[in-house]
Amino acid sequence: MKVIVFATNNEHKLSEVRQILSGMFEVKSLKEIGCFEELPETHETLHENAVQKAEYVKEHYGYDCFADDTGLEVATLNGKPGVYSARYASISEGDWKAKDGDHDSEQNMKKLLHMLNGKENRSAQFKTVIAWLVGNEKHLFEGIVTGDITKERHGAEGFGYDPIFQPTGYDVTFAEMSAEEKNSISHRGRAIQKLMEFLNK
Ligand code: ITT
């Protein structure tokens, strides 16, 4: 089986992507190649950040690899938190006072529910951009799923903002779905689907 490195420090993403690509690729984690550092993610777009993470691993560790950058874009907040989704709660805004630390999903959801308090329009979309760096080639794949931000958390599956994201056409959140069900319709699942169509050409 072909070996590919997934340039992520997010264990949840790793297990989702391993499940989707199982039987096709052996997906190695950063730990498995001896990379224990935070990857740089300094740009203003998902595309640039995905490329930056994958290029960093390819340049420093020499493996073919891919990276995923994901954002939750909320219509009434002009697309925020978007590229800042991982550290949304650590940004002061309106009467929200910054909390310490990145990647605190509980605080990130708390802030988002706070920012949407009293708003009628709760529509949002998850967007994933995958940067695929193999040999000398670089390819980008994008996946989107639309939905609504619920008023309260529901469910315990998944990760990140899943307990407050209800995809269009469903009456449950991502956190109330099995991993397989989420993968079959999610932003990440769709981006990987496009990647697989490309690979099968
Ligand atoms: P890497 O950069 O190491 O891949 P990360 O967790 O920093 O991991 P992102 O910057 O892409 O990844 O993620 C942005 C935020 O969006 C982060 O807080 C995640 O928890 C959240 N997120 C990403 N994918 C998600 C999903 O499928 N469901 C819910 N939340 C998600």
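The values are calculated or read from the model by the stated rules, or taken from the named source; none is laboratory data. Since the structure is predicted, the reported quantities are computational estimates derived from the model, not experimental observations. Virtual Cβ from ideal backbone geometry, glycine too; neighbours counted across all protein chains shown.
Take the residues in region 86-131 that are within 13 Å of the ligand (Cβ to nearest atom) and acidic (D, E), then tell me which one is surrounded by the most Cβ atoms within 10 Å (Cβ to Cβ).
D104
Are any residues in region 32-85 touching a strand residue (DSSP E or B) at 6+ places or on another chain (Cβ under 6 Å), buried (at least 18 other Cβ atoms within 10 Å of the Cβ), part of a helix (DSSP H, G or I) and not charged (D, E, K, R), and if so, which ones?
Answer for region 32-85, where residues must be touching a strand residue (DSSP E or B) at 6+ places or on another chain (Cβ under 6 Å), buried (at least 18 other Cβ atoms within 10 Å of the Cβ), part of a helix (DSSP H, G or I) and not charged (D, E, K, R): L46, N49, A50, V51, A54, V57, S85.
Spot the failing condition for I20; the list is (1) aliphatic (A, V, I, L, M); (2) under 12 Å from the mean Cα position of the chain (by Cα); (3) more than 8 Å from the ligand (Cβ to nearest atom), and only one is missed.
Exception for I20: condition (2).
Those residues that are outside any loop (DSSP other than H, G, I, E, B) and within 11 Å of the ligand (Cβ to nearest atom), I need them from region 1-14; list them, please. Full working, then the answer.
Initial filter on region 1-14 (outside any loop (DSSP other than H, G, I, E, B)): 2-6, 11-14.
Selection gives F6, E11, H12, K13, L14.
Kindly establish whether L195 is over 14 Å from the mean Cα position of the chain (by Cα), buried (at least 18 other Cβ atoms within 10 Å of the Cβ), at pLDDT below 95 and under 30 Å from K2 (Cα atoms).
Working: over 14 Å from the mean Cα position of the chain (by Cα): yes; buried (at least 18 other Cβ atoms within 10 Å of the Cβ): yes; at pLDDT below 95: yes; under 30 Å from K2 (Cα atoms): yes.
For L195, the condition - over 14 Å from the mean Cα position of the chain (by Cα), buried (at least 18 other Cβ atoms within 10 Å of the Cβ), at pLDDT below 95 and under 30 Å from K2 (Cα atoms) - is met.
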